[in-house]
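Below is one structure, written out as structure tokens, with a few remarks after it.
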């Protein structure tokens, strides 16, 4: 109603140019637009490779004919790490740029903010990276899907390995925000279930990006644990490793560490990368499955650089969207959502499915041990942990999701 | 026992690191009274350059000379960059109203962030470890890193060198004199410009040195500037601005608190688990709040001899010129008609700007007529947003109730915090507002059971459509601004301005200065709260970022950019700042660089703020 | 009947007695000058009368009521006006607005958030300014006035609460000699006409002996003499203090 009036006014207001886009014509030839929102200025280390991976998949899709002859195009927006900015971009992308769907998100709260927007405005949102469980469970909604293995899944993968160790006294170190808190919560809960009798003797929650590593190491050492569960990453991790190594914190202790095997976090540690940690990650140079080799070669050819995990996430987000569009053959939001539910697609890591029950993808991660080779950290004794094996039962999941999702 | 000793040593090492950054800031503030936001950027640049000189260039076989030489040369280079910035930027605006230089240094922060990313890339860079100091000492059976031991020594050594510099050289004597009484030094015929430049060099050199010395401890990365700046300010204020010894004492106090709190086990009060060890970000601000309440000028600071009572004479507030009133009327009329011509996106942008107009107007009310600058106005914006969101989440309150609950909560916050704040003045008052804002932020961030922590409160959507919400925001902004304007022209407004102009005179004609300021504080808080409540419904969710430092900075920038001295200033500032930000992000990835340059250009072009400049032109044309 | 009555007033700073037991009275309509060499304790004494400092001991009574230790604003509310050695006015207001603010404070308007101040007490403000000869400058900003004019504005502000007592700390400091006499002449007329007691400190002996009805002399915190100008002029202790210090007027 209001739209009609507005168009009428626009027409009479001598803004004739604005009318030059008849919607029918546009639907046939105009590109399909994806609005992508991410913390490019504040999380640049992760998101550079991510965007490369994204563009690689986008070019591949367009080179192979696009979607029924329509090109796929992306509008990138920088949320500067602020959820409120992300919501503004979402509004701008949908209202002004008329994007067909939204994607992206690195920080959990930004993912949740966009998911909230998607639900309110009935737009499809494919969350690529945010790890929070809430986005598909307690705050899950019909319009939101998430690709990357969640905090729960990462913790479950490490618990499987940690439970095999002959130790019972654990300490945890995690950044003090939702991701760190839930990783610790799940690790404790799942490990206790798997191995009754384990004790958690110390917990440290340094502020994200602000770890006082010496003091934190000392506080952990004072509790004398047999094993350490680490969730810190980036600069915090580097500080922790340096102080921990010099002070002997990791000697004769097992360490299980989330994400540390990802090149994003392992490579900056260079020759000081820890050895023997059980980690989730991505040994990019060693995975030789057909899908991955094809991806890796294409990536190296295009960017003259090796892929990081972010590259895979970007690449697979586009792959999922492309597969969905080709399956549903429509850019109508409800039809796209229907196509996303239960969507199976080929990821760089193999078969992946977006589960109908909670919209979580079954993309997995690699679990293995860190080792120094030629002055660089890498993963050894690794295996691919398929995401579908590290999720709670459908009944449990359904109970967690809101009724109206 | 040994654990406690080692933890004490850890605290000493961290104190040294903190002190090195803070002392430069303190010296610069002491002499030039510039609140230098870019200090963190110099710290970061020092670390990056030191990385380049010790590892990045790929030289082989660095000895100790290469390592220490690299850090020193990097600090010298950054010191020269500081001189350059002082010469071309700050020197031109020393005469501008207080805090205006803050705006300029904020522009520098933005520029440096993008330049650093362009030069050194996004990936964290791990620096080399100090040659010969990779190992550890044995301290009562525990290992303690050699480099940390060195840091423990460097702090007092630098402190001692600075003492010698200040007490045994003519330059130092001048700096001390200028810190105590700037006008006096000027009267003695000392070339202030040279003194300021040299002080700026020493300050930035020390910041960069602090950054370089972090190389063996933490990787160099793009968040270093923001991570350190708030802490550095806290140390400077707690120690007493301009007092180097105070800075060391403050650094020691805060670092030891932070080290030992990690050892405090969790406990329960009334079923609520309290984890002191997790609250690592709070103690520095708590210490600052307590110190400022007990000792208004910091541990070793002295009250400035000439409390800048009349340093910048505020212009007379006159009745609105008819043409400006017409212009205001026309803009409101245009806004009412906006939904007829603008699309959904246009309305969205306009709604957001309107909300920030209200926020900026509320800050201006306490900053301009009230003379109380706030570095923590986001606290009340955030309280307003949480008031609305929590009412909706926990009590299923409708939007109408939420829009009341928000400002009420913010006003309560304003009444509580304001009571303490109005006992101080100037930068000290501003820093106390920052401390309280950080405490609000921490509660929002850490009281997960109620606030949802950093995942926020979701699903707070308005009960009306987008056009309706635009009109609601318009009504709030117009009525809010008119009410605040009315208050400025009311008897209360005169009392408030009187208290700002001369507390002595105000007191002598029966005005209770503190009470008037307290009331103004609470009023400003409640209007910021209504902006926050609107924002909550506008975004559909509330996060701790609403109460975080960047929001406070945004509000401050709007007011300063527009001009503190005119009532239309915050409105113009909000529109220009938000508009620039919004459009730049759409068109360029280097938006911080462009925004930073734009801010610097605006600062140089309009040292009275944009509206202040226009008002001056007006006055001239009026022949007044 | 004395308007102001001071008994046994004492104040010391770090062991030094700035004011060491002072007694005096001021009666309505009287011009009382408080004089003494630099450091005699005049300003300390003044600040205790006005509430800026709390005495260590002693009492200050105004109109028979004890006002010792009350804050300045409370003392003002009882009917005491004051001017400062270095003028303190509101620089961001016009001359008329300065007076109006004092009038609004006196009449209890300052708690009003939404009333328009422009219309309030306009005529009264102009009338006060008229009395000090500043009515034609009423719309000028206080920040740009000449010093002598500022002193007159302060006087008008001090009169806004129809005071029974006026405290003037160095009212003519920084003014040209002929201006000084004119200002104090004006003050005297106003005091007479309104039956106001005036206590002022002064360095200019021409002003003191020309305008004061009575003079009290302070030295090293103690009252050493009081009486009419001729009496004080002839007083030996006063002559010792002043001649001994080598100054007869204008201590700076």
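Among the numbered criteria (1) touching a helix residue (DSSP H, G or I) at 6+ places or on another chain (Cβ under 8 Å); (2) under 25 Å from residue A:323 (Cβ atoms); (3) in a loop (DSSP other than H, G, I, E, B); (4) free of Cβ contacts under 8 Å to residues at least 60 places away in the same chain, which one does residue A:65 miss?
Checking residue A:65 against (1) touching a helix residue (DSSP H, G or I) at 6+ places or on another chain (Cβ under 8 Å); (2) under 25 Å from residue A:323 (Cβ atoms); (3) in a loop (DSSP other than H, G, I, E, B); (4) free of Cβ contacts under 8 Å to residues at least 60 places away in the same chain, the one that fails is (1).
Considering only residues of the stretch A:117-127 that are farther than 24 Å from residue A:67 by Cα and touching a helix residue (DSSP H, G or I) at 6+ places or on another chain (Cβ under 8 Å), which is nearest to the other protein chains (Cβ to nearest Cβ)?
Residues of the stretch A:117-127 farther than 24 Å from residue A:67 by Cα: A:117, A:119-121.
Among the residues that remain, those that are also touching a helix residue (DSSP H, G or I) at 6+ places or on another chain (Cβ under 8 Å) are: A:117, A:121.
Details: A:117: 6, A:121: 9 Å.
Only one residue fits best here, namely A:117.
Can you pull out the residues in the stretch A:122-143 that are touching a strand residue (DSSP E or B) at 6+ places or on another chain (Cβ under 8 Å) and either without any contact (Cβ under 8 Å) to a residue 24 or more places away in the chain or part of a helix (DSSP H, G or I) (or both)?
A:135
Counting only residues that are outside any helix (DSSP H, G or I) and within 20 Å of the chain's Cα centre (by Cα), which one in the stretch B:83-124 is modelled with the lowest pLDDT? I'd like the intermediate steps shown before the answer.
We begin by selecting, within the stretch B:83-124, every residue outside any helix (DSSP H, G or I); these are B:89, B:94-99, B:121-124.
Within this subset, residues satisfying the condition of being within 20 Å of the chain's Cα centre (by Cα) are B:89, B:94, B:96-99.
Numbers: B:89: 91, B:94: 82, B:96: 77, B:97: 72, B:98: 68, B:99: 78.
Among residues in the stretch B:83-124 that are outside any helix (DSSP H, G or I) and within 20 Å of the chain's Cα centre (by Cα), the one modelled with the lowest pLDDT is B:98.
Residues of the stretch B:154-183 being exposed (fewer than 15 other Cβ atoms within 10 Å of the Cβ) and without any contact (Cβ under 8 Å) to a residue 24 or more places away in the chain, which ones?
B:157, B:160, B:161, B:164, B:167, B:168, B:169, B:170, B:173
Across the stretch C:76-93, which residue is nearest to the other protein chains (Cβ to nearest Cβ) among those that are surrounded by fewer than 22 Cβ atoms within 10 Å (Cβ to Cβ) and modelled with pLDDT of 90 or more?
C:77
Return yes when residue B:297 is part of a loop (DSSP other than H, G, I, E, B) and either closer than 30 Å to residue B:477 by Cβ or out of contact with any helix residue (DSSP H, G or I) (no Cβ under 6 Å at 6 or more places or on another chain) (or both) and no when it is not. Outline the logic, then answer.
Working: part of a loop (DSSP other than H, G, I, E, B): yes; either closer than 30 Å to residue B:477 by Cβ or out of contact with any helix residue (DSSP H, G or I) (no Cβ under 6 Å at 6 or more places or on another chain) (or both): yes.
Yes.
Suppose we filter the stretch B:17-39 for residues that are within 14 Å of chain A (Cβ to nearest Cβ) and at pLDDT 95 or above; how many remain?
So the answer is 0.
Which condition from (1) on the phi > 0 side of the Ramachandran plot; (2) in contact with a strand residue (DSSP E or B) (Cβ under 6 Å, 6 or more places away or on another chain) is the one that residue C:51 breaks?
(2)
Does at least one position in the stretch C:133-155 carry a residue that is more than 12 Å from every other protein chain (Cβ to nearest Cβ), farther than 23 Å from residue C:79 by Cα, free of Cβ contacts under 8 Å to residues at least 12 places away in the same chain and surrounded by 15 or more Cβ atoms within 10 Å (Cβ to Cβ)?
yes
Among what's in the stretch C:191-212 and is in contact (Cβ under 8 Å) with a residue 24 or more places away in the chain and surrounded by fewer than 17 Cβ atoms within 10 Å (Cβ to Cβ), pick the residue that is nearest to residue C:25 (Cα to Cα). So that I can check it myself, show each step before the final result.
Within the stretch C:191-212, the first condition is being in contact (Cβ under 8 Å) with a residue 24 or more places away in the chain, and the residues that meet it are C:191-192, C:194-212.
Those left that are additionally surrounded by fewer than 17 Cβ atoms within 10 Å (Cβ to Cβ): C:192, C:194-195, C:206, C:210.
On the way: C:192: 17, C:194: 19, C:195: 15, C:206: 23, C:210: 20 Å.
By that ranking, first place goes to C:195.
Any residue at all in the stretch B:129-139 that is out of contact with any helix residue (DSSP H, G or I) (no Cβ under 8 Å at 6 or more places or on another chain), farther than 21 Å from residue B:68 by Cα, within 14 Å of another protein chain (Cβ to nearest Cβ) and not in a helix (DSSP H, G or I)?
So in the stretch B:129-139, the residues out of contact with any helix residue (DSSP H, G or I) (no Cβ under 8 Å at 6 or more places or on another chain) come out as B:138.
With the extra rule that they be farther than 21 Å from residue B:68 by Cα, the set shrinks to B:138.
Next cut, within 14 Å of another protein chain (Cβ to nearest Cβ) only: B:138.
Still in the running and not in a helix (DSSP H, G or I): B:138.
Checked against the condition, which is being out of contact with any helix residue (DSSP H, G or I) (no Cβ under 8 Å at 6 or more places or on another chain), farther than 21 Å from residue B:68 by Cα, within 14 Å of another protein chain (Cβ to nearest Cβ) and not in a helix (DSSP H, G or I), the stretch B:129-139 yields at least one hit.
Would you confirm whether any residue within the stretch A:235-254 is crowded, with 20+ Cβ neighbours inside 10 Å, assigned by TED's automatic domain parsing to the domain that holds residue A:201 and part of a strand (DSSP E or B)?
no
Can you tell me which of B:116, B:47 is touching a strand residue (DSSP E or B) at 6+ places or on another chain (Cβ under 8 Å) and under 30 Å from residue B:588 (Cβ atoms)? Can you show your working first?
Details: B:116 fails: touching a strand residue (DSSP E or B) at 6+ places or on another chain (Cβ under 8 Å).
Matching residue, one of B:116, B:47: B:47.
Could you check the stretch A:329-400 for strands (runs of 3 or more DSSP E) lying wholly inside it with 1 or more residues that are more than 20 Å from residue A:313 (Cα to Cα) and more than 21 Å from the chain's Cα centre (by Cα)? Don't jump to the end; show me each part of the working.
Numbers: elements: A:344-347, A:350-353, A:365-373, A:376-385.
In the stretch A:329-400, A:365-373, A:376-385 are the strands (runs of 3 or more DSSP E) which contain 1 or more residues that are more than 20 Å from residue A:313 (Cα to Cα) and more than 21 Å from the chain's Cα centre (by Cα).
Report whether or not residue B:385 is buried (at least 24 other Cβ atoms within 10 Å of the Cβ) and closer than 18 Å to residue B:539 by Cα.
Numbers: buried (at least 24 other Cβ atoms within 10 Å of the Cβ): yes; closer than 18 Å to residue B:539 by Cα: yes.
For residue B:385, the condition - buried (at least 24 other Cβ atoms within 10 Å of the Cβ) and closer than 18 Å to residue B:539 by Cα - is met.
How many residues does the stretch A:361-391 hold that are crowded, with 18+ Cβ neighbours inside 10 Å and either farther than 21 Å from residue A:187 by Cα or touching a helix residue (DSSP H, G or I) at 6+ places or on another chain (Cβ under 8 Å) (or both)?
Total satisfying the criteria: 14.
The values are calculated or read from the model by the stated rules, or taken from the named source; none is laboratory data. Just so it is clear, the structure is predicted and the values come from calculations on it, not from any experiment. Ideal geometry is used to build each Cβ from the backbone, glycine not excepted, and the neighbour counts take in all protein chains shown.
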